[in-house]
Amino acid sequence: MRLILITCYKLKMMLNDRLFFAAMVIIPLFITLATGYALRYEKNNSIPIAIVDEDGSSYSNALAKRLGRKEGIKIQPTDRIKASEMLKANKIEAAFIIKQGFEEKIKLGESRGIIDMAKSPASFSAAFISEVISGEVLRLTCAHMAADWVEKQYKKLNKGFDSELEAEIIRHVDSQWEPKPLMTIEYMEMEGKQARKVERASMPAASATSAGIITVFIMFYVLFGSGWLIEERRNGTLKRLVCGQGALGHSFMANICALAVSGVFQLSLFSLLNKAAFGVELFPGVFSYAVFIAYLFAVIAISMFLSSILKTLAQLQAGAPVFALLTGFAGGCFWNYVEMSKEVRQLAMFTPQGWALFGINSLLLNPDDINAVILSAGVLLTIALILLPLSYIIVREQVKH
């Protein structure tokens with residue numbers, strides 16, 4: 001009960017400066033908006049398109065499914081009105097409308113005027129996608145052309161030709177495209193006279209920046225919030241606490257709890273506003289909470305350690321922004337994490353932000369990647385388990401003298 005009362009008191013003191021707390025939420029939102037806008041033209045391996053199926057036939061459904069299975073294409077089934085709205089909002093690169101009578105014309109060998117395309121004038125990928133769709137339409141058309149040719153040959157020989165034989169021919173022709181078509185296009189990035197294959201993971205710019213920005217500002221807020229330790233050491237409060245049995249330990253734990261509660265509140269508020277403003281889900285799953293909480297305790301441990309060794313509040317106020325920014329830059333908080341080079345990622349592993357982003361972005365790219373969560377959360381909790389007891393020992397030894 002004493003711990004809860006002290007925690008509430010410390011929390012009230014920390015949140016007393018409402019303007020500072022609000023700034024720690026609003027400022028990262030504005031930075032996310034700016035960086036998300038600036039990164040909107042980043043290379044992205046997933047091309048969003050809308051498919052409007054007005055034919056509703058087995059052939060149009062097969063076409064949509066085949067497109068959905070292709071790597072790098074993200075289809076959104078919808079209607080004409082919603083497709084137009086998404087195109088105007090720049091949510092898709094192009095809209096492809098499969099017109100009524102699609103299957104019937106394919107069976108007749110006609111391929112003109114069966115699909116309409118609407119695209120953004122600034123789109124560079126719509127033409128590429130149209131070629132991909134043309135290839136799939138050709139696949140359907142070729143199967144029926146082959147069946148028609150065999151039927152003509154059977155008629156010349158006065159042989160019977162039934163629907164089962166036609167279906168068998170269509171399946172045979174279609175099998176020539178599996179597991180790979182006879183001709184493929186491979187995307188390469190050219191650098192001088194060398195070529196290297198690029199394997200990219202897909203992540204929207206806003207998602208890539210949101211997690212990094214909030215990790216930096218959590219570090220900012222917690223570092224400044226731990227200034228109580230220096231103040232209470234200088235004004236003699238800690239020396240008086242030593243006189244009470246367990247009072248120093250209760251005060252130390254209460255401040256950790258207060259920092260944790262305020263940090264979770266900051267995270268939750270930022271997440272809600274971020275989702276409302278940009279539609280970005282900061283917590284892609286249950287496991288992402290574990291990474292964020294582990295990072296929060298690691299930052300609290302670092303802040304407590306710095307406050308235990310620094311002499312004055314001015315030193316903390318001067319050093320906190322520098323420390324948060326340096327580790328933020330090194331940890332990849334201001335870059336698109338999935339686009340960083342291997343060398344930069346290795347450097348990021350020397351910072352708590354780097355480990356947090358490793359776990360969070362691994363979940364954004366693959367929600368089932370539990371190993372990344374265990375590794376990142378384990379490293380961050382290890383930092384907390386080392387620095388928190390060490391900070392308490394330093395503080396206790398300081399007040400004894």
Inset, instruction - Obtain the nm distance between the two label points defined at I370 and L272 by a simple spin-label model: each point lies 7 Å from its Cα along the Cα-to-C-beta direction. - result: 3.1 nm
Legend entry - the stretch 50-96: relative contact order as a whole-number percent, Cα under 8 Å and 6+ apart: 51 percent
Inset, instruction - Please list the radius of gyration and Dmax for the stretch 47-197, considering alpha-carbon atoms only, with Å as the unit. - result: 18.3, 63
Inset, instruction - Can you put M86, M349, M219, M304 in order of Cβ neighbours within 10 angstrom, beginning with the fewest? - result: M349, M86, M304, M219
Inset, instruction - Starting at the first residue of the stretch 263-271, write each ³J(HN,Hα) from the Karplus equation 6.51 cos²θ - 1.76 cosθ + 1.60 with θ = phi - 60°, in whole Hz, x for Gly and Pro. - result: x, 5, 5, 4, 4, 5, 5, 4, 4
Legend entry - Gain upon complete extension [S84, S111; 0.36 nm per residue less C-alpha separation]: 7.3 nm
Legend entry - Which of D116, D162, D53 has the fewest Cβ neighbours within 10 Å, and the rest in rising order: D162, D116, D53
Inset, instruction - Could you please rank H172, H144, placing first whichever residue has the fewest other Cβ atoms within 10 Å of its Cβ? - result: H172, H144
Inset, instruction - Return the lysines within reach of K12: Cα separation strictly under 27 angstrom, same-chain partners fewer than 8 residues apart disregarded; answer none if there are no such residues. - result: K239, K311
Legend entry - Environment charge at I47 (Cβ cut-off 10 Å; Lys +1, Arg +1, Asp -1, Glu -1): +1
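Taken together, the values in this text are just the output of simple stated rules run on the coordinates, not laboratory data. Just so you know, these numbers come straight off a predicted model, no measurement behind them. Using ideal geometry, Cβ is built from the backbone for each residue, glycine included, and neighbour counts are taken over all protein chains shown.
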